[in-house]
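Single-structure report; data block below.
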Amino acid sequence: MGNSYEDECRRSLAEEQARSLAGTNDWEHVDRARVHQDWDVLYREITVFLNDGALPGDQEIQELVRRHFDIVCRFYIPSREAYVGMSLFYAEDEAMRAFHDSYHPGMVEFLGAAIKVFADQGTGFAPGAGSGTGSGAPAPSGGTGR
């Protein structure tokens, strides 16, 4: 992945999150305790697969990444680029890396690679940050992301 694409992903993440935060009063609609609980369960499940030698593109991993994406969508529906940008943020931010790698020393790299596969193959993404569309409103409710 080229640096210009990664820069676009970082920029998309920053722009889309800022727009969403402003449009939702800092994501006041999100049950943060539930989100953290659901991510904890998810990361523990991914750890089992990591320990068993799973690959980022494996169907079971992609189903888990879909659940990760669904949890993210409780905040806002990211574009493909913003979602990839999130994986870069996990890798580049010291606190986020430490948090994710506390589940497994290879979690950040594995999850990042799995998110990139998901972004290349997935559907349900918002238009890109540069498209001028997207309100930053919360994603429609109705699921727990599982």
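Look at the range 16-27 and say how many of its residues are among the hydrophobic types (A, V, I, L, M, F, W, C), open to solvent by less than 80 Å² (accessible area, probe 1.4 Å), in contact (Cβ under 8 Å) with a residue 12 or more places away in the chain and out of contact with any Ser or Thr (no Cβ under 8 Å at 6 or more places or on another chain). Talk me through it step by step, then tell me what you get.
Filtering the range 16-27 down to residues among the hydrophobic types (A, V, I, L, M, F, W, C) leaves 18, 21-22, 27.
Filter again for open to solvent by less than 80 Å² (accessible area, probe 1.4 Å), leaving 18, 21, 27.
So of that shortlist, the ones also in contact (Cβ under 8 Å) with a residue 12 or more places away in the chain come out as 21, 27.
Restricting the remaining residues to those that are out of contact with any Ser or Thr (no Cβ under 8 Å at 6 or more places or on another chain) gives 21.
So the answer is 1.
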- Query: Out of curiosity, is G57 surrounded by fewer than 17 Cβ atoms within 10 Å (Cβ to Cβ) and modelled with pLDDT of 95 or more?
  - Reply: yes
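Does L13 satisfy the criteria of being closer than 18 Å to A126 by Cβ, touching a Gly at 6+ places or on another chain (Cβ under 6 Å) and in contact (Cβ under 8 Å) with a residue 12 or more places away in the chain? Spell out how you get there, then give the answer.
Values: closer than 18 Å to A126 by Cβ: yes; touching a Gly at 6+ places or on another chain (Cβ under 6 Å): yes; in contact (Cβ under 8 Å) with a residue 12 or more places away in the chain: yes.
In short, yes.
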- Query: Among the numbered criteria (1) in a helix (DSSP H, G or I); (2) surrounded by fewer than 19 Cβ atoms within 10 Å (Cβ to Cβ); (3) β-branched (V, I, T), which single criterion is violated by T123?
  - Reply: (1)
- State whether one or more residues within the range 49-61 are within 22 Å of Q121 (Cβ to Cβ) and among the β-branched types (V, I, T). yes
- Might you let me know whether the range 64-81 holds any residue that is farther than 18 Å from P105 by Cα and open to solvent by 70 Å² or more (accessible area, probe 1.4 Å)? yes
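The values are calculated or read from the model by the stated rules, or taken from the named source; none is laboratory data. For clarity, every value in this text was computed on a predicted model and none was experimentally measured. Counting neighbours? That spans all protein chains shown, and the Cβs are built from the backbone with ideal geometry, glycine included. Ligands, DNA and RNA are excluded from the accessible area calculation, which covers all protein heavy atoms including side chains. Shrake-Rupley method; radii C 1.70, N 1.55, O 1.52, S 1.80 Å.
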